[in-house]
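Working notes for the structure below.
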Amino acid sequence: MTPPAPLTPDAPVALRRPLLTQQWLDLCFVHWAADPAEVAGLLPEGTVPDTVDGVTYVGLVAFRMHRVGWLGLPGVPYLGSFPETNVRLYSVDAQGRRGVVFRSMDASRLVPVAIGRIGFRLPYVWSRMSVEATGDTITYTSSRRLPGPRGAHSRITVRTGERIEKPTDLEYFLTARWGLHNPFLGATAYLPNEHPRWPLHRAELLRCEENLIEAAGLTAPGGAPVSVLYSPGVPVRLGRPVRVGRVRDERPQDARPAVTSSRPRPGGPG
């Protein structure tokens, strides 16, 4: 397995002919530490948990998707613009490419949800959602519609703070992810992205009521998050998916961590 690529605040590859263009706006990044052994079984074949000092992370990321466009065409103003909230994990493949793995992707527009599920096999779900800003405070809400589990929801309120001039290595690790790993057509694909360097701000978490993480098959967070960040957003270009090779674990069998996971219960949480 190739060593993981260096963490870089700028995209390592320029995408000259993007498959998709879009803007990610008013993002809130909330993260908790996680045991790599717990999340390993939730990642697609050919990837393993990406870690910092032996720890990986679970992210709850809420934002506004804006003007999604195809093949260089102008972004669609209505169907291409909607609130979204993701539960995501951190992955690396045999080629050393770091990425994210989405465990759930709540969005408020049914047509993009259907396209994401059918066309890209992404775990999009249709939800009632809103993003409301009052001064320096932003509230993101979601309530799951289809396909479930019914009752999955989130309500996140943050107060935005000062601009971060020099992000830490962990802040780069959690935000500067230049692709996603996802099962696609019987294999695992890597979908690269490119965007300007994140303008990151400190943020104070005022409220976080959610069961999306548990509904996504993970253990519910048991304490305060280790990182809360805000960004006004960036324009984004996404490339075409490429196939991922298989990761080979060269450790002795008895030296490998046991893989456990918490799967969603029938009917969903609360």
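The values are calculated or read from the model by the stated rules, or taken from the named source; none is laboratory data. Computed from a predicted model, the values in this text were never measured in an experiment. Glycine gets a Cβ as well: all are built from the backbone with ideal geometry, and neighbour counts include every protein chain shown. What goes into the accessible areas is simple: the full protein's heavy atoms, side chains included, and nothing from ligands, DNA or RNA. Shrake-Rupley method; radii C 1.70, N 1.55, O 1.52, S 1.80 Å.
Compare the Cα positions of Phe82, Leu200, Pro167 along the charge dipole of the chain (+1 at Cβ of Lys, Arg; -1 at Cβ of Asp, Glu; about the Cα centre) and return the one farthest towards the positive end.
Phe82
Using a Gaussian network model of the chain whose springs link C-alpha atoms within less than 10 Å, name the residue from Leu73, Leu218, Leu89 with the highest mean-square fluctuation.
Leu73
When the chain is modelled as a GNM with alpha-carbon springs shorter than 10 Å, which of Trp32, Trp178, Trp70 fluctuates the most?
Trp70
Relative to the Cα centre, what is the charge dipole magnitude of region 57-127, using +1 at the beta carbon of each Lys and Arg, -1 at the beta carbon of each Asp and Glu, and rounding to the nearest 20 debye? Don't skip to the end; give the middle numbers.
On the way: 9 positive and 3 negative charges, 14 e Å.
Around 60 debye, computed over region 57-127.
Based on alpha-carbon atoms only, what is the radius of gyration of the chain relative to the globular estimate 2.2 N^0.38 Å?
Numbers: Rg = 17.6 Å, N = 270, 2.2 N^0.38 = 18.5 Å.
Cα-based Rg divided by the globular estimate yields 0.96.
Could you provide, to the nearest whole Å², the per residue accessible area of the chain with probe 1.4 Å? Please report the intermediate quantities before stating the final value.
On the way: 13040 Å² over 270 residues.
That works out to 48 Å² for each residue.
Projecting each Cα onto the charge dipole of region 106-200 (Lys/Arg +1, Asp/Glu -1 at the beta carbon, about the Cα centre), which of Gly186, Ser130, Thr157 comes out farthest on the positive side?
In region 106-200, that residue is Gly186.
For the chain, what's the relative contact order in percent, using C-alpha pairs closer than 8 Å and at least 6 residues apart? It would help to have the intermediate numbers written out before the result.
On the way: 692 pairs, mean separation 69.8, N = 270.
Across the chain, relative contact order equals 26 percent.
Karplus couplings for region 130-143 from phi (6.51 cos²θ - 1.76 cosθ + 1.60, θ = phi - 60°), rounded to Hz, Gly and Pro as x?
8, 10, 10, 10, 9, x, 9, 10, 10, 10, 10, 10, 8, 9
Using a 1.4 angstrom probe on heavy atoms only, work out the carbon and sulfur share of the accessible area of region 167-233 in %. Before the final figure, lay out the partial values.
Numbers: 1380 of 2580 Å².
Carbon and sulfur together cover 53 percent of it.
Determine the dipole magnitude for region 35-187: charges of +1 sit on the beta-carbon of Lys and Arg, -1 on that of Asp and Glu, nothing else is charged, the reference point is the Cα centre, and the result goes in debye to the nearest 20. Show your work: numbers first, answer last.
Working: 18 positive and 14 negative charges, 160 e Å.
Magnitude of the dipole: close to 760 debye.
Using just the Cα positions, wrap region 118-195 in a convex hull and report its mean projected area in square nanometres, one decimal place.
On the way: hull surface 31.2 nm².
In nm², the orientation-averaged hull projection of region 118-195 is 7.8.
Counting Lys and Arg as +1 and Asp and Glu as -1, each charge on the Cβ, what is the dipole of region 1-57 about the Cα centre in debye, to the nearest 20?
Values: 2 positive and 7 negative charges, 82 e Å.
So the dipole magnitude of region 1-57 works out to roughly 400 debye.
Taking only DSSP H segments of four or more residues, each worth -39500 (n - 2.57), what value at 222 nm results for the chain once the sum is divided by all its residues, to the nearest 500 deg cm²/dmol?
Working: 4 runs with 26 residues, N = 270.
Counting only the DSSP helices, I get -2500 deg cm²/dmol.
Scan the chain and report its longest stretch carrying no trypsin sites (Lys or Arg not before Pro) that are both in a DSSP loop and have at most 16 other Cβ atoms within 10 Å. List each step's numbers first, then the result.
Values: sites that count: Arg16, Arg121, Arg150, Arg197, Arg246, Arg248.
The answer is 17-120.
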